[in-house]
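The values are calculated or read from the model by the stated rules, or taken from the named source; none is laboratory data. Please read these numbers as outputs of a predicted model, since none were measured by experiment. Here the Cβ is made from the backbone with ideal geometry for all residues, glycine too, and neighbour counts use every protein chain on show. Accessible surface areas use protein heavy atoms only, side chains included; no ligands, DNA or RNA. Shrake-Rupley method; radii C 1.70, N 1.55, O 1.52, S 1.80 Å.
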Protein chains: 2
Amino acid sequence: MTITDPIAAGCECCRPRRGFLRALAGLGAAATLASRPGPAMAQAVPERPRYSGLVIDCHGHYTTEPPAMLAWRKRQIDAINDPAQSPSPSSLKVGDDEVRASVADRQIKLQTERGISLALFSPRAGGMGHHIGNARTSLDWSIVSNDMIHRVATLMPRNFVGVCQLPQTPGVSPKNCTAELERCVTELGFVGCNVNPDPSGGFWTDPPLSDRFWYPLWEKMVELDVPGMIHVSASANRNFQATGAHYMNGDTTAFMQFVTSDLFKDFPTLRLIIPHGGGAVPYHWGRYRGLAQDLKRPPLSELMRNVFFDTCVYHQAGIDLLLKVVPTDNVLFASEMVGAVNGIDPETGHAYDDTKRYVEAAAISDADRAKLYAGNATRIYPRLAARLASAGVTP
Amino acid sequence: MTITDPIAAGCECCRPRRGFLRALAGLGAAATLASRPGPAMAQAVPERPRYSGLVIDCHGHYTTEPPAMLAWRKRQIDAINDPAQSPSPSSLKVGDDEVRASVADRQIKLQTERGISLALFSPRAGGMGHHIGNARTSLDWSIVSNDMIHRVATLMPRNFVGVCQLPQTPGVSPKNCTAELERCVTELGFVGCNVNPDPSGGFWTDPPLSDRFWYPLWEKMVELDVPGMIHVSASANRNFQATGAHYMNGDTTAFMQFVTSDLFKDFPTLRLIIPHGGGAVPYHWGRYRGLAQDLKRPPLSELMRNVFFDTCVYHQAGIDLLLKVVPTDNVLFASEMVGAVNGIDPETGHAYDDTKRYVEAAAISDADRAKLYAGNATRIYPRLAARLASAGVTP
């Protein structure tokens, strides 16, 4: 695999970021404001200054993989009953231009259009498929997937920072994930990982996240100081449509496992992000506060030292509720773009997953908005600052 | 079993309803308003007249069963491996006074305090336990449970109207539920049923609700013109805490099964209520609208001819969101009282499950509030009007 410095080379896929870099220096924002039709000078109510800082999308998946990568996976699955035919991870060959092209017209284009600086980028969630094959299947596929994320993040370091897939397998201790996690963090510069709370793909056959079964993984994450996003993969259970049911259920289930356990007493510095706005949780915040109380558990405020939600909620009313009931320090900006929902909302004329519009319109202070966009992410992903610095991105 | 007319007898448990009957006639409301400190006459903004009509809680479970009923169930479970020892449904003996006492200090007291007229009342959801034993276990326990609901509803017909448990069993066609459903509706005067979308108790081993597996049940419900509330029972899967995870997941899962299927093309008059405010759905309304669009499914407005949510959402922000994004015609007032959450919210000083307070405070019109409280319920449960009339309750 060849890695070049796209910034020095001035490659095409980095050009859109120059606008972002100008905005970072405050020039872009001023220029944008100057060119917009403003209110008459006589009007006393000033327009809120447009946020001109870093905007980190903490939840992006590589859903636009090069065909060769998907073909590799197909060959691997086809060989599940004949392991000798299974392709080796190193057999995948994808050129740099193809890697750049795979995100240029989608993620990078949308980042530029929406004013998103960069994404914490991980393999396609539905593609992890931990229920397929065995532990070796999962390890090889994780290596391939994570290496491809590394390619993307290395070629376009101002747009993407790596988050890894783990080689989980139903019934197999997550201890077998620690080596790949360590490789991704210490060798590939990744800043976090995705943890599938149900490697069985909708049958929920492994123990809950609070069980000691998971402790080797939590120990390694604490040691490396990387957070995890709790994210299921595809559903192999026909009851659960993936993005509308299985994803939401995984989020909600994980939260209740945290409410009813002492996980964070054992791992006080472990940080776990529940995506998709926390599943059902913020909408039922009163229920969860009341359940914690009835069950003689600590108040949710205690739990929220370790648990965070993202803003992957695709309408204004949902974002408004999230930001009303959940402390701002516990919310990370994200859009899961390009991901679960791709269409244009006819009610707004904008993409459903353009969550920045909802955050912009939310009744929160600029200081809180800055936390959502960047402050919380750099706090919760401590390794992110170094990655940004090495890419020349300054908050 | 002896059934008396408690209203003619003027029994103790019915006395609180006299206040409700006064309120129905408009007297109670006027008296209440007169005794409250009002704004000075000079103030131009009138206080909103307090709603004085019928308030139907469409989601109440018999969570305060007489000990003899629970002892019957224990004997039944103890005899699962020795069916000859299983108690017969007719062997349960509970006196009328005990039935009255079982709800007097809880449900009826809270109905009176909160201004709720009556509840659509079904057996304890967590107690259905369809995963325990076999089809015979489930049938006998359903008969016992439904007969007890009938006792409650017959003794206190102004407070309770019956909704039945079905004798579901994992892997067994729901056709075996139609006889018990018919008995409950035609002989016991029940107006609806609860349908467990996962009789396995958290393993989701049966087909989705849109599968033809379920059609015999839908056919009988259409024939009898009774709606169903989609409600899971206890979780036998340690991943899912019941009231905070399994319940929410069941709701969310069912909705997505409806989005992705043609169930209501085959059953255009079938009406299904998704409780707990629709699980995660209203909070993610944009996601569901977007998914329907991406998946080339009809818009949600079409689905909402057949699908309804209740107001079992235990904080103001959640109710506000629900009533903002979901059409009022699709929301039924409910509290699930006495149920999932029993405590007092320290932030408000009131019970979490006193959902009427949230509905009262919501920014909706009085006409919409009347729909939530009674109009929608009498429309969606067509057999309810006759029950109310026979109990002397007039909307």
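Some notes on this structure:
- Rounded to 5, the percent of DSSP beta bridges in the protein assembly as shown classed as antiparallel: 10
- Whole-Hz Karplus values for the stretch A:294-302 come out as 4, 8, 6, 9, x, x, 4, 4, 6 Hz, taken residue by residue from phi with 6.51 cos²θ - 1.76 cosθ + 1.60 and θ = phi - 60°; glycine and proline positions read x.
- Among the residues of A:314-323, the average count of other protein chain beta-carbon atoms within 10 Å of the residue beta-carbon is 6.
- For chain A, a Gaussian network of Cα nodes joined below 10 Å ranks A:Gln168, A:Gln316, A:Gln107 by mean-square fluctuation, and the top entry is A:Gln316.
- In chain B the longest region clear of GluC sites (Glu not before Pro) that are loop-assigned by DSSP and have at most 13 other C-beta atoms within 10 Å covers B:48-346.
- The distance linking the stretch A:270-292 with the stretch A:192-236 is 17 Å (Cα centroid to Cα centroid, whole angstrom).
- Straight-line cross-link reach from A:Lys220 at under 20 Å between alpha-carbon atoms covers these lysines, not counting any fewer than eight positions away in the same chain: A:Lys175, A:Lys265.
- Chain B: antiparallel DSSP beta bridges as a percent of all, rounded to 5: 10
- Reachable lysines, given that their alpha-carbon falls under 27 Å from the alpha-carbon of B:Lys356 and they are not under 8 places away in the same chain: A:Lys296, A:Lys324, B:Lys109, B:Lys324, B:Lys371
- Sparse packing (at most 16 other Cβ atoms within 10 Å of the Cβ) combined with a DSSP loop state is found for the following trypsin sites (Lys or Arg not before Pro) in the stretch B:65-146: B:Lys93.
- Whole-number percent relative contact order across the stretch B:99-182, with pairs defined as alpha carbons under 8 Å at least 6 apart: 34
- Summarising the amide proton neighbourhood of B:His350: residues at separation of 5 or more, or on other chains, whose placed amide H is nearer than 5 Å comprise B:Asp345.
- Inter-part distance where the stretch A:334-376 and the stretch A:126-190 are each reduced to a Cα centre, Å: 27
- Over chain A, DSSP H runs of length four or greater, each weighted -39,500 (n - 2.57), average out per residue to a 222 nm ellipticity of -10500 deg cm²/dmol.
- Within the stretch A:55-390: Cβ-based charge dipole about Cα centre, in debye rounded to nearest 20 (Lys, Arg +1; Asp, Glu -1): 240
- With all protein chains in place and a 1.4 Å probe, the accessible surface of the stretch A:55-390 carries 53 percent carbon and sulfur.
- In the B-A interface, the accessible area buried, summed over both sides, Å² (probe 1.4 Å): 4700
- Protein-protein interface of the stretch A:233-249, residues with accessible area decrease of at least 40 Å², isolated chain reference, 1.4 Å probe: A:Arg238, A:Asn239, A:Phe240, A:Gln241, A:Gly244, A:Met248, A:Asn249
- Inter-label distance, nm, simple model (7 Å from Cα along the C-beta direction), A:Arg106/B:Glu219: 4.5
- Anisotropy class assigned to chain A is oblate, per the alpha carbon gyration tensor with a/c at or over the 1.5 cut-off and a/b no larger than b/c.
- Per residue solvent-accessible surface (Å²) - the stretch B:236-395, probe of 1.4 Å: 31
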